[in-house]
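Everything below concerns the one structure shown next.
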Amino acid sequence: MSHSSVDVVVVGAGAAGISGAVALAELGLHVVVLDEQGSPGGQIYRGITLAPLSRRDMLGPDYAHGNELAQALASSSVRYEKGAAVWQVTREHEVSYLREGRLHTLQAKAVLLATGAMERPFPIPGWTLPGVMSAGAAQILLKSSGLAPSEPVVLAGCGPLLYLLGWQYLRAGVPIKALVDTTRPDDYWRARRHLFAALRAWPYLRKGLELMRSLRSARIAHFTGAEQLAVEGDEAARALTFTVAGKAERIATRCVLLHQGVVPNIQFSQSLRARHHWDVDQLCFSPVVDSWGELDVAGVFVAGDGAGIGGAQAAAVQGQLAALGIAVRLEKLSDAQRAFRAEALRARLASNLRIRPFLDALYQPKEANRIPADDVMVCRCEEVTAGELRGFVALGCTGPNQAKSFGRCGMGPCQGRMCGLTVTEVIAKARGVSASEVGYYRIRPPIKPITLGELAGD
Ligand SMILES: Cc1cc2nc3c(=O)[nH]c(=O)nc-3n(C[C@H](O)[C@H](O)[C@H](O)COP(=O)(O)OP(=O)(O)OC[C@H]3O[C@@H](n4cnc5c(N)ncnc54)[C@H](O)[C@@H]3O)c2cc1C
């Protein structure tokens, strides 16, 4: 096992991680960025340095913007390690990762967690059938290798990423059979009180409207206010069924792409036993951080979507703010110097976040698509259904951690990443208490799967 010391380890080479790392290096700190992907860019700019020009063009200008970020990383003094899967971060700033089958540990003076977001689970009947994927996973295939379904797809759910993928598929010539939107008129009603602030973020709003307009002008069947979604099929997906205003609809398809927003990836902040809170607008847990992104674990900072969903531009600014916070901790800047540098960044952050309350209200996922019926699978790794979970509650199970001992829920290879939120919400509803009272899985390393051989090899 290799073991060395650095000033700062940044986990994640997305918008937040790269911006933070470059800013730290400019302050004269020795910085290492670790990311499990094979190239920098994170989710939004995935594969940007490897994508041919035609793919960049097809994915749109927001994607191409990632090139600037990747260039900044390449021309900085930051040591970037690709293919580095971080499986442990300790409260003493020790970061362990697996790269090319070997274990490495870095001892840092401070750590910046910039691990981004994950898609929210979409547990509806049939969601585990072959032929059903998340829209984010489909987009990963498109970005990283230009792969797309050859058969007509049905996109279902809500949120900007769903419409963005639809727009990207149109440009890529992928046939779209229908867009099944769960957004209802009352969602627009709820979001209207944030409309004024959203109008002040006009470029974001305009982008969204353009996506919707291009989908409409391509004459794709568009259903809104869809309820009771279910994927039909025995061995594989055959159709998506749903109702609109009480009328039953059925669209035959072998490919259903589901999406209902993204939530912070809190695996590391949870494993560090940092404080978290239940975000009532985004319906998820987020770590509690101070205005520089520092957790209640000294010297560990979080920036970007991992601290609460704000989008790529906000993530980049948060990375820079966290860098200023770290610089003060490591005595590279005084408080006054930090305050001066932060002023413009804070104004930019506020402007980047202006659209958020509107989006959160408009695309709040429906309870029926978050808290499923008894026969729906919740933990895919260990095959635990919502009904079994409710059975555990009836026997006295009070939260996700007890659910592990009752039925191995959340103990599979994904370590609860896929089912965590659903398990919390199912239990909370069954007990008649808040999600915040029920809490989340107690996450422990290894955060990423690691074989005994790899561990023993060293
Ligand atoms: C599947 C998906 C697709 C998305 N696509 C878009 C899009 O096209 N457009 C858009 O505007 N927004 C998109 N988003 C939202 C987007 O993630 C963010 O707004 C933006 O990328 C946030 O930047 P970030 O730096 O916080 O995190 P990210 O860009 O997500 O970067 C996080 C990085 O951390 C790395 N990482 C995580 N865990 C580990 C670990 N244990 N070890 C090593 N590395 C690790 C990841 O590989 C990743 O590169 C997407 C989100 C998801 C989940």
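The values are calculated or read from the model by the stated rules, or taken from the named source; none is laboratory data. Treat the numbers as computed from the prediction; the structure is a model and nothing was measured. Cβ: placed from backbone, ideal geometry, glycine included. Neighbour counts: every protein chain shown. Calculation scope for accessible area: heavy atoms of the full protein, side chains included, ligands and nucleic acids excluded. Shrake-Rupley method; radii C 1.70, N 1.55, O 1.52, S 1.80 Å.
A few points about this structure:
- For a label point 7 Å along the Cα-to-beta-carbon line of Arg91, residues of the range 272-295 with backbone N under 12 Å: 272-275
- Karplus (6.51, -1.76, 1.60) ³J(HN,Hα), θ = phi - 60°, over the range 87-94, in Hz, Gly and Pro reported as x: 10, 7, 10, 9, 5, 9, 6, 8
- Surface accessible to a 1.4 Å probe, His30 within the full protein complex, Å²: 80 Å²
- Cross-link partners of Lys366 among lysines, defined as those whose alpha carbon lies under 16 angstrom from its own and excluding same-chain residues fewer than eight positions apart: Lys429.
- Total formal charge among the other residues, if their Cβ is under 14 angstrom from that of Val174, Lys/Arg +1 and Asp/Glu -1: +4
- Residues in the range 439-445 carry Karplus couplings, in order, of x, 10, 4, 7, 7, 10, x Hz; the curve used is 6.51 cos²θ - 1.76 cosθ + 1.60 with θ = phi - 60°, and Gly or Pro positions show x.
- Positive-end residue, the range 121-260 charge dipole about Cα centroid, Cβ charges, pick of Ala148, Thr243, Leu209: Leu209
- Close amide H contacts of Val378 (hydrogens built in the peptide plane, cut-off under 5 Å, sequence separation of 5 or more or a different chain): Val384, Thr385, Ala386.
- Paramagnetic reach from Thr224 in the range 146-172 [backbone N under 14 Å; point 7 Å along Cα→Cβ]: 158-159
- In degrees, nearest ten, helix 335-353 long axis to first principal axis of the chain (Cα): 10 degrees
- Tilt relative to the chain, helix 160-172 - C-alpha long axis, 0 to 90 degrees, to 10: 80 degrees
- Between helix 15-26 and the chain: long-axis angle, C-alpha atoms, 0 to 90°, nearest 10: 10 degrees
- Cα gyration tensor, the range 121-260 - rounded (a/c under 1.5), prolate or oblate: oblate
- Taking a straight Cα-Cα cut-off under 14 Å and skipping sequence neighbours fewer than 8 places away in the same chain, the aspartates and glutamates within cross-link reach of Lys247 are Glu227.
- Heavy-atom surface of the range 1-151, accessible at 1.4 Å and reported per residue (Å²): 39 Å²
- Two-site FRET efficiency, Ala172 against Gln337, from Cβ-Cβ distance with R₀ of 51 Å, rounded to 0.05: 0.60
- Straight-line reach from Lys448: taking Cα to Cα under 29 Å and skipping same-chain neighbours fewer than 8 places apart, the lysines in range are Lys82, Lys109, Lys143, Lys404.
- Val33 long-range amide H proximity, modeled H, under 5 Å: Val10, Arg79, Tyr80, Glu81
- Label-to-label distance, nm, for residues given as Ala64 and Ser150 (7 Å Cα→Cβ offset): 3.0 nm
- Considering only the range 121-260, percent of DSSP beta bridges that pair antiparallel, nearest 5: 40 percent
- Estimated D of the chain in µm² per second, where Rh is the Kirkwood radius over Cα pairs and Stokes-Einstein applies at 10 °C, 1.306 mPa s: 69 µm²/s
- Carbon plus sulfur fraction of accessible area for the chain, probe 1.4 Å, in percent: 54 percent
- The translational diffusion coefficient of the range 371-438, from Stokes-Einstein at 37 °C and 0.692 mPa s with a Kirkwood hydrodynamic radius over alpha carbon pairs, comes to 290 µm²/s.
- Of all beta bridges that DSSP places with both ends in the chain, some 50 percent have antiparallel geometry.
- Between Phe406 and Arg380, the FRET efficiency from the beta-carbon distance, with R0 = 22 Å, is close to 0.80.
- Gain on full stretching of the segment that runs from Val328 to Arg190 - 0.36 nm per residue minus C-alpha separation: 45.5 nm
- Accessible area of the range 371-438 divided out per residue, in Å², using a probe of 1.4 angstrom: 42 Å²
- Remark: spin-label model distance Ala74-Arg250 equals 5.3 nm, labels positioned 7 Å along the Cα→Cβ axis.
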